[in-house]
1. Which aspartates and glutamates does Lys87 reach when only Cα atoms under 18 Å apart count, and residues fewer than 8 places away in its own chain are ignored?
2. Tell me which residues come under 5 Å, amide H to amide H, from Asn94 once H is placed; ignore anything under 5 positions away on its chain.
3. For a quick check: with amide H placed at 1.01 Å from N, whose amide H comes under 5 Å from Lys87's, ignoring anything fewer than 5 positions away on the same chain?
4. Stick to Cα atoms and the Kirkwood definition of Rh, then tell me Rg/Rh for region 20-132.
5. Could you go through region 110-120 in sequence order and give the Karplus-derived ³J(HN,Hα) for each residue, using 6.51 cos²θ - 1.76 cosθ + 1.60 with θ = phi - 60°, rounded to whole Hz, and x for Gly and Pro?
6. How much length is gained if the chain between Asp108 and Phe34 is pulled fully straight, taking 0.36 nm per residue apart and subtracting their Cα-Cα distance, in nm to one decimal?
7. Go through region 91-100 residue by residue and turn each phi into a ³J(HN,Hα) via Karplus (6.51, -1.76, 1.60, θ = phi - 60°); whole Hz please, and just put x for glycine and proline.
Amino acid sequence: MFANHFDGHPRVVLHLQTDTSACSLRLGSIAPNFQAETTNGPIDLHEYIGDQWLVFFSHPEDYTPVCTTELGEFARLEPEFTKRGVKLLGLSANTLGSHEGWIKDIKDVTGSQVGFPIVADKERKIAYLYDM
């Protein structure tokens, strides 16, 4: 999902999902706000987005091979996203402690250091809010 501000509110610009029947987010709708603990400290989504674009992506579990390499690639490309005014925000259904260990594993496996926040969503409340 990509989000940006239109008329002062973060709005969904693109949301890709294979099962569109369950999709509650639509183009131009206000992105649901949330507060959460992340690997970079607490965030409020709308404040975090600010006046920039956001790529918000989720993974079902820390340490899985595909998720590890995907986050490593996002970390490697983060400077390119930043040049274009795009912030990154990850989410995984694990605890902060698990995420912290995973970030070290991502560095070991891919050689890339994750600098963007990863939301701790053990209860999957935010994932469900976004139909992830």
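Each reported figure results from applying straightforward, stated rules to the coordinates on display, with no laboratory input. Keep in mind that what you see is a predicted model, and the values were worked out from it rather than measured.
1. Glu37, Asp44, Glu47, Asp51, Glu70, Glu73, Glu78
2. Amide H neighbours of Asn94: Asp121, Lys122.
3. The list, which skips near neighbours in sequence, is Trp53, Leu54, Val55.
4. Working: Rg = 13.8 Å, Rh = 14.5 Å.
Using Cα coordinates only, the ratio equals 0.95.
5. 10, x, 10, 8, 6, x, 7, x, 10, 6, 8
6. Values: separation 74, 0.36 × 74 = 26.64 nm, distance 3.13 nm.
My answer for the length gained is 23.5 nm.
7. These are the phi-based 3J(HN,Hα) values: 9, 9, 7, 9, 7, 4, x, 5, 4, 4 Hz.
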